[in-house]
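FYI, it's all coordinate maths here, none of it is from the lab. Only a predicted model underlies this, so the values are computations on that prediction, with no experimental measurement involved. Don't worry about glycine lacking a Cβ; one is built from the backbone with ideal geometry, like all the others, and counts go over all protein chains shown.
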Amino acid sequence: EKGGYEHFMLKEIHEIPRVIDDTLSEHMDREFDLGYDKFVFVACGTSYHAGLIAKHVIEKVAKLPVRVEIASEFNYHPPPERATYIAITQSGETADTLEAMRLAKKLGNRVVTIANVLGSTATRIADETLFTRAGPEISVAATKSFISQLIVIYVLAFKLSNRIDLLNELEKISGEVRKILDNKEDIEDVAEILSKYRNLMYVGRGIAYPTAMEGALKMKEISYIHAEAYPAGELKHGPFALLGKDMPVIACVVRDETYEIMLNNIKEIKARGSFVLAISDENDEEIEKYVDHVVKLPAVNPLLTPITQSVALQLLAYYTAKLRGCEIDKPRNLAKSVTVE
Ligand code: F6R
């Protein structure tokens, strides 16, 4: 049932292009009427990272205010203003997320869920469900479901702002992901280097910061290497002390307004002796001058780089965990759906 793949995780990563197209066809032609023009995303783990990317995209493109809350923290400070709440949950059964949805509802808000499982509890609590079409996800680590959540978020943001141009670019993204899957040997090679370390630091700026967070989560979850994510500009406020030969840095580089300052940050990191792996795009001819290794991805609109970079970081975590002999589909101490608070 793994379709010739060694693990469900790798199989599910390879399903991403199809999942993107299925999720797009589910939502491309629908009208979104979500009630308020203020949004609060609530979610846990990887789904929370999708919420952080949603904030970036919706605020930047649709110019509407967005808050993002970790569901398990939400109860302690529910925002006083009425808003549309969007709970992101693959399983639809995460206890903390369900609790946040119930509270938001009780306070008189409109509650929507972006969910992957038909008939799940989240879909029964919500006033409206936006389904992701990822299909069943067996591996504990979320991969295709995360990307399908991003697709729903992009369609929503681009429709809210009438950006047909961006919707057209989104329709091409599955083809770009396919190119990454067809050229994954490079990622496998660099995993060999990373697998020997005990710590990893992921950095990004702007939209690449949540991508870095998700990359670090996937890495720690399945390879058991301690991985942390930082906004690149924040390193000089403390984490610089960690840099050096024992702390490699994975830099998620986006060729938008963050690019030049990110290059500066990378130079600062290199000057402190860390091995630097950059994830950038194929048209970036500058980056290799400053880093030890570059994984080059197809060039896409900067707003869509969380998709391409996350697929690359999922593969990086997968191959690193495999080289370390980890039980990839069922990492220790974890369950696929977390039904206790
Ligand atoms: C990490 C992972 C978890 C889930 C989290 C929320 O790979 O899968 O962090 O994202 O437990 O689960 P859902 O989305 O089912 O609410």
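Quick notes
- Surface/4 estimate of mean projected area, convex hull on alpha-carbon atoms of the range 163-230, nm²: 5.8 nm²
- Computed E for GLU6/HIS77 - FRET, C-beta separation, R0 51 angstrom, nearest 0.05: 0.70
- Fraction of antiparallel bridges per DSSP, the chain only, in percent to nearest 5: 5 percent
- Total lysine pairs under 14 Å (Cα atoms) in the range 213-299, excluding pairs fewer than 8 apart on one chain: 5
- With contributions of -39500 (n - 2.57) from each DSSP H run of at least four residues, the per-residue ellipticity at 222 nm computed over the chain stands at -13000 deg cm²/dmol.
- Rounded to the nearest 20 debye, the dipole size of the range 68-155 about its Cα centre is 240 debye, using +1 on the Cβ of Lys and Arg and -1 on the Cβ of Asp and Glu.
- Spin-label model distance (nm) - GLU31 vs TYR224, 7 Å beyond Cα toward Cβ: 5.5 nm
- Placing +1 on the Cβ of every Lys and Arg and -1 on the Cβ of every Asp and Glu, with no other charges, gives the range 189-272 a dipole of roughly 280 debye about its Cα centre.
- Listed residues TYR318, THR84, LEU130: farthest to the positive end of the dipole of the chain (Cβ charges): THR84
- Between LYS245 and ASN301, the distance separating the two model label sites (each 7 Å from Cα on the Cα→Cβ line) works out to 4.6 nm.
- Here the mean projected area of the convex hull built on the C-alpha positions of the chain is 16.3 nm².
- Reciprocal of mean inverse Cα separation for the range 95-190 (Kirkwood radius, Å): 15.8 Å
- Stokes-Einstein, applied to the Kirkwood radius of the range 1-120 over Cα pairs at a viscosity of 1.002 mPa s and 20 °C, places its translational diffusion at 137 µm² s⁻¹.
- Estimated FRET transfer efficiency (ALA335, LEU167; beta-carbon r; R0 30 Å; 0.05): 0.25
- On the beta carbon distance between ILE261 and GLU59, with R0 = 22 Å, the FRET formula returns roughly 0.65.
- Counted over the range 169-274, the DSSP beta bridges are approximately 10% antiparallel.
- Applying a DSSP loop filter and a limit of 12 other Cβ atoms within 10 Å to the trypsin sites (Lys or Arg not before Pro) in the range 265-341 leaves ARG332.
- Taking HIS293, HIS56 and counting other C-beta atoms within 10 Å, the order from fewest to most: HIS293, HIS56
- Fully extended contour minus Cα-Cα distance, from LYS289 to ASN199, at 0.36 nm per residue: 30.0 nm
- Here each label is just a point 7 Å from Cα along the line to Cβ, and for ASN183 and ASP21 those points are 2.1 nm apart.
- Between the range 164-203 and the range 243-261, the alpha-carbon centres lie 15 Å apart.
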